[in-house]
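S.K.: Dropping a structure here in structure tokens format, bear with me for questions.
The values are calculated or read from the model by the stated rules, or taken from the named source; none is laboratory data. Computed from a predicted structure; not experimentally measured. Counting neighbours? That spans all protein chains shown, and the Cβs are built from the backbone with ideal geometry, glycine included.
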């Protein structure tokens, strides 16, 4: 999914290298009078960075050989564009810029490898997800059932993700039951019922319009009675700016005391991803995030945006319509794909 | 409101230009930076944003244009460029008999949109049927069935059949009885060749008059690719953007439509069945620049009004009887139109940003109290609330009986009086006939602004 970003970064980095090489060769052959216009400009700009400070006289000149604010702005502009085009939210890009700026401005420009620095910066934003199954198993030794709550905006894929998670847990020898706490959307209960039938798991459900918190509660009671390991609670989609609906999810979380609270977001969401993740995180203090529809958008910048804003790990990526299409989020893999 | 942030960046940019003594490089750069940020945060395609910045720069640095002329040209340029980002207005021009096929990504809101649109057109006198062809997602058929029930429309579905073509055949003759057929299809990724092939097949078989893409407002930079792919495969006729009631600014979706020349016909603005509006770029810009939007409000009023109820009130008014119960049902209908803050955002001169959020919640809570108070009144009191005004003891009794305060009851009486007064105005005739025009709306807004305390 990061194919494009990788490609672009590579292009950008190699372009820079080529440019450097061009400049060097040109310097070696000063007799050549006609330089391509672009190269000329570039040479000039590079000389400004590296050479201009040296022009300062004497001993102190050496100390002035530093990366200036303006030059950093200029250098980062290219990277900024790439990140934005790859769907990283403006806020996250600004955050990365700030931390890089703090680190690099004032340094000797010759020692600055911006691509490497960017890689490190992204590395520090993304958090390694904890081992999902281990975490649950450890907790189960002390207390069961293990309750997982899923929340998100309308149409982000909560119900499908729940089915995938249930399948994944079953494969790891954990028993599962579901709670249909989306009592609002038309046919939401029928939808999760079909998944429950296919997966052969129990579904706790009530009528449409009933209190979602109580559905989750009943499911936990059922799980305890029947010695089921994990309860997955499906909730109605809600826009993060609807106060009453956010109060409702807060109540669901308060009543059910889930061990894990997961935000299901979409990989295709743009700048609003930060706003969504932030408000859900502020309301129910998320444990982690699952990004659905990662197969639709190969850009993948959303992962960086939501991690930056919530400081919470991305647990899984939804990568298709089948139950098996749930990938553990691999930070190293992502960074490797960036190939900086 | 939703668009405040983008709007305020644009407004402040324009203000900076008009109030500056000299339009110098520093000023221009600062303004461009603000606008760039606002547009990128609204998910507008990054390349388009940078192209726009270049245009502003070119004009601003042009030495030949000076003084006021330059300022005017800059402001006009910004307005026009944003307008062209949004595309031109184009209405969905339905012939007498028509069919529309809906397609789009997973979870974009196709099924909900179809029910809303069916409701919208049935209110406008069309004989609408919904056809469910999403055989992929579990319970998609049930969802369409339940939504159709809410909209009081027939839904043609088959919960067991997995082949959409067979479902089409099954209902072919029956569907001929309807003049507008709205067709639901499974969610799909525009880049997935197999799924695109499938929709092409459906398109061939159904030969719908229109193909409409449904897209969520919060979609990011991928909006363009998806729109292009769907456009390439099917030549879509237009787009409906959903989730416009969130905090996203829909820049991605809107500009993708403008770029691929696919007009935006409607926008979805809530979870209720009537929460769909036609889209007009010009009034969208007006909203961006904080000028309110009368047309959208009028349309809202039309959709939420229950005609029978309206008629009853109308009759009562003609008889000169307007009781507290009528007031209550009137207020309740207003509530149906959506949350108060959305309505207020659309009334010119009333800016939701100026009204504290909890105030709006309070207004909705007030309604409950009023209902309780009304049920604690005698029939005589409900019919002639005027008798309450002078008798404090009655008010106290009602307050005690309903668990409210006398202040609340007095407030209710004040509202009642105000509405009754308003009905005494010349515009009542228009109101009673359901003809609310722009001018009247403005008049009402003016009157309300002074009197209604939220």
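S.K.: Restricting to the range B:244-272, what's the tally of residues that are in a loop (DSSP other than H, G, I, E, B) and either closer than 19 Å to residue A:239 by Cβ or in contact with a helix residue (DSSP H, G or I) (Cβ under 6 Å, 6 or more places away or on another chain) (or both)? Explain how you work it out, then say what you get.
M.R.: Residues of the range B:244-272 that are in a loop (DSSP other than H, G, I, E, B), as a first pass: B:244-250, B:260-263, B:269-272.
Keeping just the survivors that are either closer than 19 Å to residue A:239 by Cβ or in contact with a helix residue (DSSP H, G or I) (Cβ under 6 Å, 6 or more places away or on another chain) (or both) gives B:244-250, B:260, B:269-272.
Final tally of qualifying residues: 12.
S.K.: Follow-up. For the range A:201-292, which helices (runs of 4 or more DSSP H) that fit wholly inside it have 1 or more residues that are free of Cβ contacts under 8 Å to residues at least 40 places away in the same chain and closer than 18 Å to residue A:180 by Cα?
M.R.: Working: elements: A:212-225, A:243-256, A:272-284.
Output list reads A:212-225, A:243-256.
S.K.: Oh, and also: Test residue B:271 against the criterion of being under 22 Å from the mean Cα position of the chain (by Cα) and free of Cβ contacts under 8 Å to residues at least 60 places away in the same chain, and give yes or no. Break it down stepwise before answering.
M.R.: Details: under 22 Å from the mean Cα position of the chain (by Cα): yes; free of Cβ contacts under 8 Å to residues at least 60 places away in the same chain: no.
Here the answer is no, as residue B:271 does not meet what is asked.
S.K.: When only residues in the range A:206-232 that are surrounded by 22 or more Cβ atoms within 10 Å (Cβ to Cβ) and closer than 14 Å to residue A:184 by Cα count, which is farthest from the other protein chains (Cβ to nearest Cβ)?
M.R.: A:215
S.K.: Next question. Just need a number here: residues in the range B:30-47 that are touching a helix residue (DSSP H, G or I) at 6+ places or on another chain (Cβ under 6 Å), in a helix (DSSP H, G or I) and either within 14 Å of another protein chain (Cβ to nearest Cβ) or in contact (Cβ under 8 Å) with a residue 60 or more places away in the chain (or both).
M.R.: Start the filter on the range B:30-47 by keeping residues that are touching a helix residue (DSSP H, G or I) at 6+ places or on another chain (Cβ under 6 Å), which leaves B:31-32, B:34-36, B:38-46.
Still in the list and also in a helix (DSSP H, G or I): B:31-32, B:34-36, B:38-41, B:46.
Next, from what is left, pick out any that are either within 14 Å of another protein chain (Cβ to nearest Cβ) or in contact (Cβ under 8 Å) with a residue 60 or more places away in the chain (or both): B:32, B:34-36, B:38-41, B:46.
Total satisfying the criteria: 9.
S.K.: Picking from B:199, B:241, which residue would you name as being more than 11 Å from chain A (Cβ to nearest Cβ), assigned to a helix (DSSP H, G or I) and either within 27 Å of the chain's Cα centre (by Cα) or buried (at least 20 other Cβ atoms within 10 Å of the Cβ) (or both)? Spell out the reasoning first.
M.R.: Details: B:241 fails: assigned to a helix (DSSP H, G or I).
It is B:199.
S.K.: Listed residues B:220, B:252; which is within 14 Å of chain A (Cβ to nearest Cβ) and within 20 Å of the chain's Cα centre (by Cα)? It would help to see each step written out before you state the result.
M.R.: Working: B:220 fails: within 20 Å of the chain's Cα centre (by Cα).
Matching residue, one of B:220, B:252: B:252.
S.K.: Right, residue B:111: within 26 Å of residue B:205 (Cα to Cα), in contact with a helix residue (DSSP H, G or I) (Cβ under 6 Å, 6 or more places away or on another chain), assigned to a loop (DSSP other than H, G, I, E, B) and within 14 Å of chain A (Cβ to nearest Cβ) or not? Walk me through how you get there before you give the answer.
M.R.: Details: within 26 Å of residue B:205 (Cα to Cα): yes; in contact with a helix residue (DSSP H, G or I) (Cβ under 6 Å, 6 or more places away or on another chain): yes; assigned to a loop (DSSP other than H, G, I, E, B): no; within 14 Å of chain A (Cβ to nearest Cβ): yes.
No; evaluated as a whole, the condition is false for this residue.
S.K.: Taking the stated definitions as given, is residue A:170 surrounded by fewer than 24 Cβ atoms within 10 Å (Cβ to Cβ), over 20 Å from residue A:238 (Cα atoms) and within 14 Å of chain B (Cβ to nearest Cβ)? Can you show your working first?
M.R.: Numbers: surrounded by fewer than 24 Cβ atoms within 10 Å (Cβ to Cβ): yes; over 20 Å from residue A:238 (Cα atoms): yes; within 14 Å of chain B (Cβ to nearest Cβ): no.
No, not satisfied.
S.K.: Is it fair to say residue B:229 is within 14 Å of chain A (Cβ to nearest Cβ), more than 23 Å from residue B:6 (Cα to Cα) and outside any helix (DSSP H, G or I)? Talk me through it step by step, then tell me what you get.
M.R.: Details: within 14 Å of chain A (Cβ to nearest Cβ): yes; more than 23 Å from residue B:6 (Cα to Cα): yes; outside any helix (DSSP H, G or I): no.
For residue B:229, the condition - within 14 Å of chain A (Cβ to nearest Cβ), more than 23 Å from residue B:6 (Cα to Cα) and outside any helix (DSSP H, G or I) - is not met.
S.K.: Go through (1) out of contact with any strand residue (DSSP E or B) (no Cβ under 7 Å at 6 or more places or on another chain); (2) surrounded by 20 or more Cβ atoms within 10 Å (Cβ to Cβ); (3) over 19 Å from residue B:107 (Cα atoms) and name the single condition residue B:249 misses.
M.R.: (3)
S.K.: Another question, if that's okay. Inspect the range B:268-276 for any residue being under 24 Å from residue A:244 (Cα atoms) and buried (at least 24 other Cβ atoms within 10 Å of the Cβ) and give the result as yes or no. Reasoning before the result, please.
M.R.: First pass over the range B:268-276, keeping only residues under 24 Å from residue A:244 (Cα atoms): B:268-276.
Add one more test, that the residue is buried (at least 24 other Cβ atoms within 10 Å of the Cβ), and what stays is B:268, B:276.
The answer is yes, given that some residue of the range B:268-276 is under 24 Å from residue A:244 (Cα atoms) and buried (at least 24 other Cβ atoms within 10 Å of the Cβ).
S.K.: If you don't mind, another one. Residues to consider are B:150, B:123; find the one that is within 10 Å of chain A (Cβ to nearest Cβ), modelled with pLDDT under 95 and within 22 Å of the chain's Cα centre (by Cα).
M.R.: Selected residue: B:150, the only one of B:150, B:123 that is within 10 Å of chain A (Cβ to nearest Cβ), modelled with pLDDT under 95 and within 22 Å of the chain's Cα centre (by Cα).
S.K.: A follow-up question, please. Looking at (1) surrounded by fewer than 20 Cβ atoms within 10 Å (Cβ to Cβ); (2) touching a strand residue (DSSP E or B) at 6+ places or on another chain (Cβ under 7 Å), which one does residue B:183 not meet, given that it meets all the others?
M.R.: Of (1) surrounded by fewer than 20 Cβ atoms within 10 Å (Cβ to Cβ); (2) touching a strand residue (DSSP E or B) at 6+ places or on another chain (Cβ under 7 Å), only one is false for residue B:183: (1).
S.K.: Could you list all residues from the range A:174-198 that are more than 11 Å from chain B (Cβ to nearest Cβ) and farther than 19 Å from residue A:224 by Cβ?
M.R.: Answer for the range A:174-198, where residues must be more than 11 Å from chain B (Cβ to nearest Cβ) and farther than 19 Å from residue A:224 by Cβ: A:182, A:183.
S.K.: Consider residue B:193 against the criteria (1) under 30 Å from residue A:208 (Cα atoms); (2) within 14 Å of chain A (Cβ to nearest Cβ); (3) surrounded by fewer than 17 Cβ atoms within 10 Å (Cβ to Cβ): it satisfies all of them except one. Which criterion is unmet?
M.R.: Going through the list (1) under 30 Å from residue A:208 (Cα atoms); (2) within 14 Å of chain A (Cβ to nearest Cβ); (3) surrounded by fewer than 17 Cβ atoms within 10 Å (Cβ to Cβ), residue B:193 breaks only (1).
S.K.: A follow-up question, please. Taking into account only those residues within the range A:78-92 that are part of a helix (DSSP H, G or I) and over 19 Å from residue B:53 (Cα atoms), which is nearest to the other protein chains (Cβ to nearest Cβ)?
M.R.: A:91
S.K.: Please state which one of B:27, B:86 is more than 14 Å from chain A (Cβ to nearest Cβ) and surrounded by 21 or more Cβ atoms within 10 Å (Cβ to Cβ). First the steps, then the outcome.
M.R.: Values: B:27 fails: surrounded by 21 or more Cβ atoms within 10 Å (Cβ to Cβ).
Only one candidate qualifies: B:86.
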